[in-house]
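I have placed the structure first, in the form of structure tokens, so that the comments after it can refer back to it.
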Amino acid sequence: MYKNLVLITIFFNTVSLVSATDCTKQPTPGVDWQRCYLDGKDLEGKDINHALLTDASFKRANLTKANLTKARGYHAKFIGTIMIEAKLDESNFQEADFTKADLTKASLKNSDLRRAHFFHANLQGADLSGAKTTGADILTADLSGATWTDGKLVCAKGSIGQCN
């Protein structure tokens, strides 16, 4: 009887190992890069919509014009990342760190950005329509020309830390 229990345990362990995150996977829709270090990667124009990015790190990576629609990036790190014209619509980036990230003209429509950090981030011309920003740190972010969360107000030039 105990031999069967051991075999079942080994079988389940094997199954869980097979389904583990593979950080070497190519960028494709739905890719699982949870807890992966992708620092400095050039992902310009890549389609990684529906990606699993929880606790992933993209420090100083290039995500210009990348599609991260409906990505799940809770607590992900985008420190110093270039995300010009990236599409992050309907994504979950709660507690993500966008410190010094360049999100010029990025689309963050209906994204969950609660408690995210935008310390010295560039959000010029970004679209934050419908985004949840409760507790987000935008104190030093440049919001010049950004469309605010209400989808109507466009922040004036020189809007630092708040939409004027």
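None of the figures in this text is laboratory data; all of them are computed from the coordinates on show. Everything quoted here is computed from the prediction, not taken from an experiment.
Miscellaneous remarks
- Cross-link reach list, aspartates and glutamates versus Lys59, counting only Cα pairs under 16 Å and skipping chain neighbours closer than eight places: Asp39, Asp42, Glu44, Glu95, Asp97, Asp102
- Exceeding the 30 Å Cα-Cα cut-off - candidates Lys77/Lys132; Lys41/Lys152; Lys41/Lys109; Lys41/Lys157: Lys41/Lys152; Lys41/Lys157
- Seen from every direction in turn and averaged, the convex hull around the alpha carbons of segment 27-164 projects onto 6.1 nm².
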